[in-house]
Amino acid sequence: MVTIDHDAVLRARVLLLGSGRRSRAELVGAYRVLAEVSPKAYMPKLVDALLALRHESRDPKVDVALTAEASRAARRMDAEAPDREERLRRALDAYQASLFALGRRTEGHAICRELAEAGQSGPLARVLAEEGRFVEAAELDEVAARNRIPERSFWYMVPWAANLEGAGQHDAASTVFRELIEETRREAAEQRTALAILTWELVHFSRMRETAGDGASAVAARREALGVLQELATTGEPKSRGHVHAWWRALFVLSGRAAEPAAGPESPMPPFGTEHGWSCDVRDGFLGMRPGLEAQAASAREAGRLTELVDLRRRICIRAAVSEGDRPYLFEERFTPCFDEGVTLARRLPDKPALLARALTDRSMFLVAARSFGPAHADFAEAVALLHDH
């Protein structure tokens, strides 16, 4: 039996009835007390207040405590309460993110599974992908994507295809990606999406088929992408659109997965193909590799190991895209040196046309994101010529 502190209840009611401004911490304190005596009325308010208070915290341990309490409170809400499921999902999502920020992956896994049972499987799929459990992640991705019939968006289909490819199921991954491209073609024809996005998808698909040994499909995808780029260079986007950098960034980062260490439970890597929701410990670890890569690149440059240098500079550029690619201000100025350097270095390796084609393709796709369609077309035309001549 719970003993009620009536004085505390009175103080909490007075605080809430007062006309003065209450801090979030004061609101949490009041709702904690009142949720014990009137759970139906105050438990939802406690969940919201705890999650709001978390945004004021700068301490990861405090974040875990607040989100754990919010999750407990959400679980205790009446099953028939309005918005119970939505509050539970928000609380659990915040809790799992806080746990992963501290590297508490086992506990984070458990919360992600509870979150999946509550109808939100995305975090669990991403965590499984981080640990190289691609088959399990792809199964969750498929359910999420199929639930969006008739249209399945880029942000559902790309992670699904990426995880199938990570599992070595290249043909299955390509089937999913073809479905996405078909949808994007329709939307582009109806001017409901950007031609830039169709270009990036076609180029990425060509890489997927090249990896699978299907040269004919890779050639066809590149030719179609070149045609779309020609249209962009001639007439521009038919409709004015906001920034679409996120689409470019997701596929550029995904294109670099093969050059990175393999993901595993003891050595998690980013969930390539996704844009948001990376575990904080994984994101920090991935970006934290940059100083070491810079040192390796300096050593390779000094020793004249150009092939190694080209690969290292690309891995560094991908990390720059992860950390800064969502900032539209001075986007072209910030990234141009990175992609120019890649092309310049690759031109010094005339016996490796595939490296130059990759560098030109990377720069072309970046220039599409920067809306410099003429130079983007020129770069990609040169890349296509190099690949088709060899």
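Quick note: the coordinates plus some simple rules give every number you see, no bench work behind them. Remember, it's a predicted structure, so these values are computed and weren't measured experimentally. Note that each Cβ is placed from the backbone with ideal geometry, even for glycine, and that neighbours are counted across all protein chains shown.
A Förster radius of 35 Å, combined with the Cβ-Cβ distance separating THR235 from ASP284, puts the computed FRET efficiency at roughly 0.20. Loop-resident GluC sites (Glu not before Pro) (DSSP state other than H, G, I, E or B) in the range 1-71 with no more than 12 further Cβ atoms inside 10 Å of their Cβ: GLU56.
On the basis of the beta-carbon distance and an R0 of 45 Å, HIS243 and ASP78 show a calculated FRET efficiency of 0.60. Going from the residue with the fewest nearby Cβ atoms within 10 Å to the one with the most, VAL244, VAL176 rank VAL244, VAL176.
The range 1-120: percent of C-alpha pairs farther apart than 19 Å? Tail of P(r) above 19 Å: 49 percent of Cα pairs.
The ellipsoid that matches the Cα gyration tensor of the range 113-195 has semi-axes, each √(5λ) in whole angstrom, of 24, 16, 9, with the longest given first. Shown for CYS280, CYS317: other C-beta atoms within 10 Å of each C-beta, ranked fewest to most, produce the order CYS280, CYS317.
Paramagnetic label reach from SER153 (point 7 Å along Cα→Cβ; backbone nitrogen cut-off under 14 Å): within the range 277-311, residues 277. Legend: calculated FRET efficiency, ARG192 to ARG371, from the Cβ-Cβ distance at R0 = 22 Å, rounded to 0.05, equals 0.70. The distance separating the Cα centre of the range 142-202 from that of the range 61-92 comes to 33 Å.
Sparsely packed loop sites in the range 309-390 (the GluC sites (Glu not before Pro) outside DSSP H, G, I, E and B with at most 15 other Cβ atoms within 10 Å) do not occur.
Give the Debye-formula value of log10 I(q)/I(0) at each listed q (0.22, 0.23 Å⁻¹), with one equal scatterer per alpha carbon of the range 254-360, two decimals each. For the range 254-360, the Cα-only Debye profile gives -1.30, -1.36.
So which lysines can LYS61 reach, going by Cα to Cα under 24 Å and dropping same-chain residues fewer than 8 places off? Once the sequence-local lysines are set aside, what remains near LYS61 is LYS45. Arranged from fewest to most other beta-carbon atoms within 10 Å of their beta carbon, VAL62, VAL343 become VAL62, VAL343. For the chain, adding -39500 (n - 2.57) for each run of n ≥ 4 DSSP H residues and dividing by the number of residues yields -24000 deg cm²/dmol at 222 nm. Simple spin-label estimate for ARG305 and GLU136 gives 3.6 nm between the two label positions (7 Å along the Cα-to-Cβ direction from each Cα). Taking a point 7 angstrom from the Cα of ALA381 along the C-beta vector, which residues in the range 213-249 have backbone N less than 16 Å away? Under cut-off, by backbone N: 223-236.
Treat the chain as a sphere of radius equal to its Kirkwood radius over Cα pairs and apply Stokes-Einstein at 20 °C in a medium of 1.002 mPa s; give the translational diffusion coefficient in µm²/s, rounded to a whole number. For the chosen part, D equals 92 µm²/s.
Applying a DSSP loop filter and a limit of 15 other Cβ atoms within 10 Å to the trypsin sites (Lys or Arg not before Pro) in the range 282-342 leaves ARG305.
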